[in-house]
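Engineer: My questions will all concern the structure given below.
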Amino acid sequence: MARATATERCGVLLVDKPEGPTSHDVVGFVRWVLNEKAVGHCGTLDPLASGLLVVCVGAATRLVPYLSAVDKVYRARFGLGRSTTTADRAGETIAEAPVSAAQTRAAADVLKDMCGALELPPPAYSAVKLEGRPAHERARKGEALALAPRPMELRSVGDIEVGGDAIDATCAVSKGTYIRSLAEELGRRVGLPAHLAGLRRLACGSLDLAEAVPVLVSARLPDLAGAPPKFRLGLDGAGTREAMRARLEAALRAPGEVLPFPVRRVAGPDADALTGLLHGRVVGQGALPAVAPTLAEGHEAAARQALWFPDALVVVRLDGAEWRPEKVLHVAAPAAEADS
């Protein structure tokens, strides 16, 4: 088991990422505002995408594998009649074709029929690693890439709006599903060029965009030859770094409030009986309630739950007939909860 980590800050931010900056740019902004080195996000949003970016701060970065593996919900615009090198609206045009209103309506029905398990190749312009290098780096250098299909799942499609040559829809998908791949697959099925014309992430698991702090693009910085565009970011109504820091600190969520599996707050005799978990010891399967398996990025699915002691949070995994500690974070539970 990894050594427990202590840090001054330990929390999770829900950020509304604007179009333009990369997810890494937003992480850098949070890092600068909070003067905190340990910051990481839980699932990349492309520069042209906006919406919910889950950002872990301090010791909570050790929870990224759990928060990255949840299902996502997007509001997507599928554009018909044009395909591009990047599978989104920013790429160079590969093919074009006229699109009738009847074809767009028919494509909306095809999109609904795509629900279920799929095997699709990721876009060439993606962060998928090939021989240790991101595919998008090789694609930008003109390499012809053929990425192997991988499991994706379109869980549901709803709130469909059809207009002109575009379809707007709310799509719930499994982790690892590229909406640009869905757009290209839709085009293949209807026999038309297609691309992803717009994307906004609405939810990550139970975490909702409505609770996110909006990050704004306050300025676009001068372009440098061969470099991607850069932006100056900010928060509405908070002009100074100190004001922005206060805003983000107030928005930090306690890690035990956002985990995608059950969290039990323990105190008193219960805490005494289970305290060995904080020191690397195991307890029998019957010591804790049964829970459903969940995913964690880089790990196999397993039954997991968290125990929130008054001064520490421990994530435990069912290993055979024993609950084994997997992560320990020294972060206090809210006083009212811990004393209940």
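The values are calculated or read from the model by the stated rules, or taken from the named source; none is laboratory data. Every value quoted in this text rests on a predicted model; they were computed, and no experiment measured them. Glycine also receives a Cβ, built like all others from the backbone with ideal geometry; neighbour counts cover every protein chain displayed. Surface areas here come from the heavy atoms of the whole protein model, side chains and all, with no ligands, DNA or RNA. Shrake-Rupley method; radii C 1.70, N 1.55, O 1.52, S 1.80 Å.
Engineer: If Leu221 meets every condition in (1) within 23 Å of the chain's Cα centre (by Cα); (2) open to solvent by 30 Å² or more (accessible area, probe 1.4 Å) apart from one, which number is that one?
Structural biologist: For Leu221, the failing item is (1).
Engineer: For Arg188, indicate whether it is under 20 Å from Asp71 (Cα atoms) and open to solvent by 40 Å² or more (accessible area, probe 1.4 Å).
Structural biologist: no
Engineer: Sort out which residues of segment 294-324 are in contact (Cβ under 8 Å) with a residue 40 or more places away in the chain and open to solvent by 10 Å² or more (accessible area, probe 1.4 Å), and write them in order of number.
Structural biologist: Thr294, Leu295, Glu297, Gly298, His299, Pro310, Glu322, Arg324
Engineer: So, of the residues in segment 81-107 that are assigned to a helix (DSSP H, G or I) and over 14 Å from Glu185 (Cα atoms), which turns out to be least open to solvent (accessible area, probe 1.4 Å)?
Structural biologist: Among those that are assigned to a helix (DSSP H, G or I) and over 14 Å from Glu185 (Cα atoms), it is Thr104.
Engineer: Mind checking whether some residue in segment 282-293 is closer than 16 Å to Ala69 by Cα and either open to solvent by less than 30 Å² (accessible area, probe 1.4 Å) or hydroxyl-bearing (Ser, Thr, Tyr) (or both)?
Structural biologist: No, segment 282-293 contains no residue that is closer than 16 Å to Ala69 by Cα and either open to solvent by less than 30 Å² (accessible area, probe 1.4 Å) or hydroxyl-bearing (Ser, Thr, Tyr) (or both).
For (1) under 30 Å from Arg304 (Cβ atoms); (2) buried (at least 22 other Cβ atoms within 10 Å of the Cβ); (3) out of contact with any helix residue (DSSP H, G or I) (no Cβ under 9 Å at 6 or more places or on another chain), each residue gets a yes or a no:
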residue	(1), (2), (3)
Pro21	no, yes, no
Arg31	yes, no, yes
Asn35	no, no, no
Ala38	yes, no, no
Asp46	yes, yes, no
Val54	yes, yes, no
Val64	yes, no, yes
Gly79	no, yes, no
Asp109	no, no, yes
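Engineer: Test Arg324 against the criterion of being under 30 Å from Ser218 (Cα atoms), among the charged types (D, E, K, R) and in contact with a strand residue (DSSP E or B) (Cβ under 7 Å, 6 or more places away or on another chain), and give yes or no.
Structural biologist: The answer is no for Arg324.
Engineer: Please go through segment 140-164 and give me each residue that is in contact with a helix residue (DSSP H, G or I) (Cβ under 6 Å, 6 or more places away or on another chain) and at pLDDT below 95, ordered by number.
Structural biologist: Leu145
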